Amino acid sequence: MRRKGLAIMAAQTVASTSTSAPTSTSVDLGPAAALSCRECGQRFELGPIFACAECFGPLEVAYDLPSGSPEELRKRIEAGPANIWRYAPLLPVPADVADKPNLNPGWTKLVKADNLARELGVTGGLFIKDDSGNPTHSFKDRVVAQALEAARAFGFTTLSCSSTGNLAGAVGAAAARAGFRSCVFIPHDLEQGKVVMAAVYGGELVGIEGNYDDVNRFCSELIGDPLGEGWGFVNVNLRPYYAEGSKTLAYEICEQLGWQLPDQLVVPIASGSQLTKIDKGLQELIKLGLVEDKPYKIFGAQAEGCSPVSTAFKAGHDVVRPQKPNTIAKSLAIGNPADGPYVLDIARRTGGAVEDVNDEQVVDAIKLLARTEGIFAETAGGVTVGVTKKLIEAGLLDPALTTVVLNTGDGLKTLDAVAETSQATAVIRPSLAAFRDAGLAAH
Ligand SMILES: Cc1ncc(COP(=O)(O)O)c(C=O)c1O
Ligand SMILES: [Zn+2]
């Protein structure tokens, strides 16, 4: 059965939320009207639940989206703050969200990557959406900001998560700013940059002896146990709200392109949540008339050492078979991705694809992006740039079309990936003679 994993998690959650969720009298999450099941469409009241009580399918936020003309809505958005809250009318957050203590992520740079485009032979316009510019240097600040508002609305005071690294740091920082307690869980063997970023904000950080899928399983157990009672797990019981944060990437990309859809997007996949919500965001913009309706293609990117979705895509399957991850792209190392089947649907529906690159290609791509555009990406960015190159070479990505490639994290967090091959050109005594002898002089 396609969604068996979800069914097991759902059964646990439905049981647990009735006992461990704090009660809330009034929930103001702005235009969010209900939760609806992505499988059967059943609707539920807003609450800290993530699975359908009827069919165990995953829940997502359903909206009363703003009425009025597209021109009015565009103007309202453009007059908003230079962060994700400019899109508050399209997000599950209260109208006064910008006044609350949070990290105000988003409105990151969309870089026109002409040098990289020349190297890759792209003529239709190549852009890097550089989300390393967020407060904790990854796109996870976007999703955590939504989860934090949901946590406030439901009366949680502790934030938690299972994380491949970036999410743990984003939760720690957001909790510190908002005055919440945090206790986050990661695989014990992550990169030092990720561990330090997750610990420095003063919350509790727990390394689990196992991979991400073990951490996630552990958190699903904890949520149904008195030991985790009353905790808001941003990517478990707050997942429907958390996931909506990725829509802001779609909104920003289109607004930054002058309220236009790109033709092609290349998006990294761990759980697949980000990719599915980028698609949801693009669909909303079309529905609201904020962009002109035209076809776009979404391409998913994985590391070969953790490629359950690309393997299923290439085999023509709609079932994603779990894998044991082994790759330097640790932020994407989810062997059993919850949104995998939905990613397959979107890649196929839009005419995109899902591809993977090996670790050597990831390193080459990190250095290619750094050398051509001055952007130092984490391994997840090496995966998207590497996959973009591979897709162009395979004729699957059209170089004559406008293409946006996501860099979702900062290279300073994954220094080890390039440290060995990125060292000083020379080490010399502080003398002109020594410099001349090193062969680097202008004349
Ligand atoms: C840097 C980075 N990019 C992309 C992703 C993929 O996120 P998702 O689980 O939504 O597919 C992650 C997830 O941890 C990440 O850390
Ligand atoms: Zn259902």
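We did not get these values from a lab; they are worked out from the coordinates using the rules stated. Being a predicted model, the structure only gives us computed values, none of them experimental. Cβ coordinates were reconstructed from backbone atoms using ideal geometry, including for glycine residues, and neighbour counts include every protein chain displayed.
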*Just grab the label-to-label distance for ARG321 and VAL196, each label 7 Å out from Cα along the Cβ direction, in nm (one decimal).*
4.1 nm
_Residues in region 294-322 reached by a label modelled at LEU396 [backbone nitrogen below 15 Å; 7 Å Cα→Cβ]_ = 297-318
*Mind checking which lysines have their C-alpha under 17 Å from LYS330, skipping anything on the same chain fewer than 8 residues away?*
LYS140, LYS194, LYS413
*Could you list which residues have their amide H under 5 Å from that of TYR63, counting only those 5 or more apart in sequence or on another chain, with H placed in the peptide plane?*
ALA33
*Local charge sum around VAL309 (other residues, Cβ-Cβ under 13 Å, Lys/Arg +1, Asp/Glu -1)?*
-3
_Please list 3J(HN,Hα) in residue order for region 60-65, calculated via the Karplus relation 6.51 cos²θ - 1.76 cosθ + 1.60 where θ = phi - 60°; whole Hz, with x for glycine and proline._
9, 6, 10, 10, 9, 6
*From the backbone phi of region 411-425, what are the Karplus-calculated ³J(HN,Hα) couplings (6.51 cos²θ - 1.76 cosθ + 1.60, θ = phi - 60°) in whole Hz, Gly and Pro given as x?*
x, 5, 7, 10, 4, 4, 4, 10, 4, 4, 9, 10, 10, 4, 5
*Which value, in debye to the nearest 20, gives the size of the charge dipole of the chain about its Cα centre, when Lys and Arg are +1 and Asp and Glu are -1 at the Cβ?*
240 debye
*Quick one: which residues, 5+ away or cross-chain, put their amide H under 5 Å from the amide H of ASP356? H built at 1.01 Å from N.*
GLN302
*Residues with amide H under 5 Å of CYS306's amide H, sequence separation 5 or more or different chain, H placed in the peptide plane at 1.01 Å from N; which?*
ASN326
*Determine ³J(HN,Hα), in whole Hz, for all residues of region 385-400 in sequence, where each value follows from phi through the Karplus function 6.51 cos²θ - 1.76 cosθ + 1.60 and θ = phi - 60°; x replaces Gly and Pro.*
5, x, 5, 4, 4, 5, 5, 5, 4, 7, x, 8, 10, 7, x, 8
_Segment GLU209-LYS314, extension gain: residue separation times 0.36 nm, minus the distance between their alpha carbons_ = 34.6 nm
_Environment charge of ILE286, counting only residues whose C-beta is closer than 9 Å and scoring Lys/Arg +1, Asp/Glu -1_ = -1
*Can you give me the Cα centroid spacing of region 365-416 and region 169-225 in angstrom?*
27 Å
